[in-house]
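Have a look at the structure below, then the notes.
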Amino acid sequence: SPAPVNVAVTGAAGQICYSLLFRISQGDLFGPDQPVRLQLLEIPQALGALDGVVMELMDCAFPLLADVQTGDDPEKVFDGANLALLVGARPRTKGMERGDLLEANGAIFTAQGAALNKVAADDIRVVITGNPANTNALIAQQNAPDIPADRFSALTRLDHNRAKSLLSKQTGAPVTDIKRMTIWGNHSATQYPDLSHTTVAGKPALDLVDHSWVEEEYIPRVAKRGAEILAARGTSSAASAAGATVDHARDLFRGTPEGDWTSMAVVSDGSYGVPEGLVSSFPVTTSNGDWSIVEDLDVSAFSRSRIDASVAELESERTAVKELRLI
Ligand code: NAX
C-alpha cells in the first residue's frame, strides 16, 4: 500500500474531532486504499482527554490508521503534515466582545500559521473550520509567507450542505438531484446561500420555489441553522460539521463532479467584486488539491446586495485584525 498521508488536526479532543478523527481513520477522506497518520494538536489541559480519544481510535483497529501522535507544540505536531485541519479555536464566552474573540483566536492562528510555514510538507493544504473561520484562515495564511495563499481554505461546506438539504425538503427532490448550490461571503449570519444558478433535476431551482420563501424563510433558516441545532441539542453541531470538513477536504483532493461545483472560502483574486486577499466563500471547482473560482456567473441586483453585505463584514474583520497587528 502507498505511504501514509500525514494529517494534522487541531482541537483534537473537542466535539467535532470526536467524529472527524474516526471518519478520517475509516478512509472517508482519502479513500479505502490510502493509509493515514494522524498528528493531533491540543492545549496542555486537554491532552489527558485526548489520550482517551486515541485509546478509542486504537480500539477501532482501523486498517488504514498507520500511526497517531499527539502534542501541544504546533512546531512538533505539524512536522511533515500534508494536510492540516484547523478545527480548534477559542469559543466566544460570556461577556467577550468581538475584539476579544478576534484577539484570542489571533494568538492561536498566528502561531499555527507560522508553525506550518516552518515545518509542514511542501505540498501542505490547510483547511480552517474553527470560528471565525474566514478570518482565522486569513490570519494563518498571512503568517505563513512561504506557503502559497491558495493552499488555504475555510469551511462553508456545512452551510452549503444545509442549503442543499433544506431545498431538498422544500422541493421533495433528493439531494443528489441538486447541483450548483453556492454560498457567498462569510461563515456567519451574513452568509448568502444563492439559488440563482442552482438546478433541481436539471430545472432552475428558482422556477420551483417562491422568491418570498427564499428571502423570508430559506436564507435566514440556512444562516441560523447552527443556532437551531444549538437550541435543540444543547451543544453546537458536531457530527455535521465533521462531515462537512470531510466533504470539503475530500473534494479538494478528489475533485468536484463534472457539471457541478461546491462552496469554499478562499483567498479572493478580486472575482465578483470581492476585494483581493479577503477569505470569502465562492462557488469553486476542485481537482488534485487545487481550487478555482467558477467565473462569469450572472449576479442579480438582489444577489449583489447580499454578497456586498457579507463582504463588508469580512472587510471589517480584516481591519480589526490589522489593528490588532495579527496580520
Ligand atoms: P470544542 O470546544 O468541543 O473543541 C475545541 C477544541 O479545541 C477543545 O478541545 C480545545 O481544547 C481545542 N483548542 C483550543 N485552542 C487550541 C489550540 N491553540 N490548539 C489546539 N487545540 C486547541 O469545539 P467544537 O464543537 O469541536 O468546535 C470547534 C470549532 O469549530 C469552534 O470554533 C466552532 O465554532 C467551529 N465550528 C465551525 C463550523 C463551520 O462550519 N466552519 C461549524 C461547527 C462549529 O461551530
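The values are calculated or read from the model by the stated rules, or taken from the named source; none is laboratory data. Because the structure is a prediction, the values reported are computed rather than measured. Cβ placement follows ideal geometry from the backbone for every residue including glycine, while neighbour counts extend to all protein chains displayed.
Data for the structure
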quantity: Complete set of residues in segment 96-126 that are over 19 Å from Glu315 (Cα atoms), within 10 Å of the ligand (Cβ to nearest atom) and modelled with pLDDT of 95 or more; calculated: Ile108, Ala111, Gln112
quantity: Hits in segment 10-51 (condition: within 12 Å of the ligand (Cβ to nearest atom), farther than 20 Å from Leu158 by Cβ and outside any loop (DSSP other than H, G, I, E, B)); calculated: Gln39, Leu40, Leu41, Pro44, Gln45, Ala46, Leu47, Gly48, Ala49, Leu50
quantity: Output for segment 128-143, where each listed residue is within 14 Å of the ligand (Cβ to nearest atom) and either surrounded by fewer than 24 Cβ atoms within 10 Å (Cβ to Cβ) or in a loop (DSSP other than H, G, I, E, B) (or both); calculated: Thr129, Gly130, Asn131, Pro132, Asn143
quantity: Filtered residues of segment 65-77 (kept if crowded, with 21+ Cβ neighbours inside 10 Å and within 11 Å of the ligand (Cβ to nearest atom)); calculated: Pro74, Val77
quantity: Evaluation of Leu206 against (1) within 16 Å of the ligand (Cβ to nearest atom); (2) outside any loop (DSSP other than H, G, I, E, B); (3) surrounded by 12 or more Cβ atoms within 10 Å (Cβ to Cβ); (4) not charged (D, E, K, R) (one fails), failing number; calculated: (1)
quantity: Condition check for His248: in a loop (DSSP other than H, G, I, E, B), within 30 Å of Val36 (Cα to Cα) and at pLDDT 95 or above; calculated: no
quantity: One residue from Asp308, Asp296 being in a helix (DSSP H, G or I) and acidic (Asp, Glu); calculated: Asp308
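Table: residues versus (1) over 25 Å from Ala239 (Cα atoms); (2) polar (S, T, N, Q); (3) out of contact with any His (no Cβ under 9 Å at 6 or more places or on another chain).
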{"residue": "Pro145", "(1), (2), (3)": "yes, no, yes"}
{"residue": "Asp159", "(1), (2), (3)": "no, no, no"}
{"residue": "Ala173", "(1), (2), (3)": "no, no, yes"}
{"residue": "Thr182", "(1), (2), (3)": "no, yes, no"}
{"residue": "Ala205", "(1), (2), (3)": "yes, no, no"}
{"residue": "Val209", "(1), (2), (3)": "yes, no, yes"}
{"residue": "Glu216", "(1), (2), (3)": "yes, no, yes"}
{"residue": "Ile219", "(1), (2), (3)": "no, no, yes"}
